Amino acid sequence: MTFELSERVQTVPPSGIRRFFEIAEERDDVISLGVGEPDFSTPWAARDAAIASLERGRTSYTANRGTRELREAIDEYVADRFDLEYDPAEEILVTAGASEAVDLAFRAFVDPGDTVAVAQPSYISYEPGVIFAGGEVLSVPTKETDDFRLTVDALEAAGADEADVLVLCYPNNPTGAIMRESDLEPIAEFVREHDLTVFSDEIYAELTYDGDHTSIATLPGMRERTIVFNGFSKAHAMTGLRLGYALGPSEAIGAMNKIHQYTMLSAPTTAQHAALEALESCENDVRDMVDQYDRRRRFVLSRFREIGMDVFEAKGAFYCFPEVPEGWTAEEFAEGVLREEGVAVVPGDVFGPGGEGHLRISYATGLEDLRKALARIESFVENNT
Ligand code: PMP
């Protein structure tokens, strides 16, 4: 028997990152700079809170929107760190990872035929999310000459004025680009003028290395048209605990909660207890991790320059995005360096238009391995160019 799978599922290709992991899994000497996941363990205080929560048998569902205590702590945290003000009762939804929040937003906002503009290169889940929701993606390529920041020229060239939603991801996965307030202002003006809704994925907001993160929702007239996504996977090294959240006006969060209450009921309870502790007592752990990422970032950038590969100055997240040497496609280089030298990196094309000819290098890997991996990349370049 063959299943008659939905067209939506069939149109979405398998993840381009997976293929490289499959090659990497065939051998045991591979150093992976491919994963978008912290190498740090979850801070102990958060782990202890999860353990204590289990010991007390707190294993029931929570309120659909998340525990009241956690929503209040999120409210205080985002106010303190990013100048964002949201009412814990109606404007915050705790989800199973930022991934669930992103998916809920697409499903709550997108009708068949709607267009979602995505600033690219970007995280690979937006495009499938839009397709699963029945919408169409409009790609808005950003350029290295703009430091991979989104510009009004890029929005206009792509025809994004006709879109319904604009997806932003800054600090950016895969480029490490950030958008400062002065970069966001013209984008906000365009968004207001053309009446778009913004989905702003700010999961890397803590991971900036040259000034604090600015959320587009803090710009005039933007709070009422923006949904912000954040979570505990990156800054708090809690990927496997699956906890994130969405912030937005009550009508939007209410609509997302409508889907969430039927499809998820509530985010994982143990993780909510860990997350509350993470916000209450792990600020220093986060600062330490950010310091270490910054040290690695500088090391990786300077090594690529020594090797002779152009690399733009990534200022956020835990990625950098060097250009492959002339004569190579990103895919050929990534496959070559994996087969010949045992270093796994991801070709930039996977992240959409604008990513061609680049590699995503994750430095969520210890300095020791980074040193070895960069030496191997250097010898690959020396032997092949
Ligand atoms: N957004 C971006 C930009 C990401 O890089 C990731 C993880 N790679 C996610 C969302 C998903 O995060 P979570 O683990 O919270 O679902």
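For region 275-326, filtering for residues that are out of contact with any Phe, Trp or Tyr (no Cβ under 7 Å at 6 or more places or on another chain) and over 30 Å from N383 (Cβ atoms) leaves 14.
Checking each residue in region 218-251 for being buried (at least 17 other Cβ atoms within 10 Å of the Cβ), away from the ligand (no atom under 16 Å from the Cβ) and assigned to a helix (DSSP H, G or I) picks out T218, R223, R225.
Looking at E26, E55, E37, just one residue is more than 30 Å from G254 (Cβ to Cβ), within 16 Å of the ligand (Cβ to nearest atom), out of contact with any Lys or Arg (no Cβ under 8 Å at 6 or more places or on another chain) and of a type in the set (D, E, K, R), and that residue is E37. Being buried (at least 20 other Cβ atoms within 10 Å of the Cβ), more than 14 Å from the ligand (Cβ to nearest atom) and at negative phi is true of L276. For residues in region 24-39 being closer than 18 Å to D349 by Cα and either assigned to a helix (DSSP H, G or I) or not small (G, A, S) (or both), which is modelled with the highest pLDDT? Checking each candidate, the answer is L33. Being assigned by the TED database to the domain that holds I92, touching a helix residue (DSSP H, G or I) at 6+ places or on another chain (Cβ under 8 Å) and either surrounded by fewer than 19 Cβ atoms within 10 Å (Cβ to Cβ) or in contact (Cβ under 8 Å) with a residue 12 or more places away in the chain (or both) holds for only one residue in A330, A314, A334, A267, and it is A267.
Selection within region 138-153: residues that are without any contact (Cβ under 8 Å) to a residue 60 or more places away in the chain and in contact with a Gly (Cβ under 9 Å, 6 or more places away or on another chain). The member of this set that is nearest to A177 (Cα to Cα) is V140. Of the residues contained in region 231-252, one or more are found to be of a type in the set (K, R) and closer than 24 Å to R297 by Cβ.
The values are calculated or read from the model by the stated rules, or taken from the named source; none is laboratory data. All figures in this text were calculated on a predicted structure; none of them were measured in a lab. In this analysis, Cβ positions are derived from the backbone assuming ideal geometry, glycine residues included, and neighbour counts consider all displayed protein chains.
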